[in-house]
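Contents: one structure, followed by commentary.
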Amino acid sequence: LWAPSADPVAAQCERGEIARRYPGKPIVVLASFPRPQHAQAWLGRGVREVLSLPVDLELLRAVLVRVLPARNMRTID
C-alpha cells in the first residue's frame, strides 16, 4: 500500500523506491481525490490499483485478495 505525496516529483521518487525495494510486488495506491491523469500515470508505471481515500474497507479487502497471492493473505483480528 502506498499513499503518494501530493508533489508529483516526490511521488515519482517514492514509487521508484517502492519498486526498487520490492521488485515484482503489486503496488496499491491510496490517494485523496486522485486525478484521472495521475491514476493513469501510476497504472502505466506498475501500480495495480488506485483507490480513493477514505477507502471502503470491503473494497480494500477485495482489491488485496485480487492482487496478492493467497499465501500472503491472513486474517487480522
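All of the numbers you see were taken from the coordinates with simple rules; none came from a lab. What you are looking at is a predicted structure, and each value in this text was computed from that prediction instead of being measured. In this analysis, Cβ positions are derived from the backbone assuming ideal geometry, glycine residues included, and neighbour counts consider all displayed protein chains.
For this structure, a couple of remarks:
- Residues in the stretch 1-17 that are part of a helix (DSSP H, G or I) and of a type in the set (A, V, I, L, M) were compared, and the one that is surrounded by the most Cβ atoms within 10 Å (Cβ to Cβ) is A11.
- Residue count for the stretch 18-39, restricted to those that are on the phi < 0 side of the Ramachandran plot and surrounded by fewer than 10 Cβ atoms within 10 Å (Cβ to Cβ): 6
- The set of residues in the stretch 50-62 being surrounded by 14 or more Cβ atoms within 10 Å (Cβ to Cβ) and under 13 Å from P4 (Cβ atoms) consists of V50, L51, S52.
- Odd one out for P34 among (1) part of a loop (DSSP other than H, G, I, E, B); (2) more than 12 Å from the chain's Cα centre (by Cα): (2)
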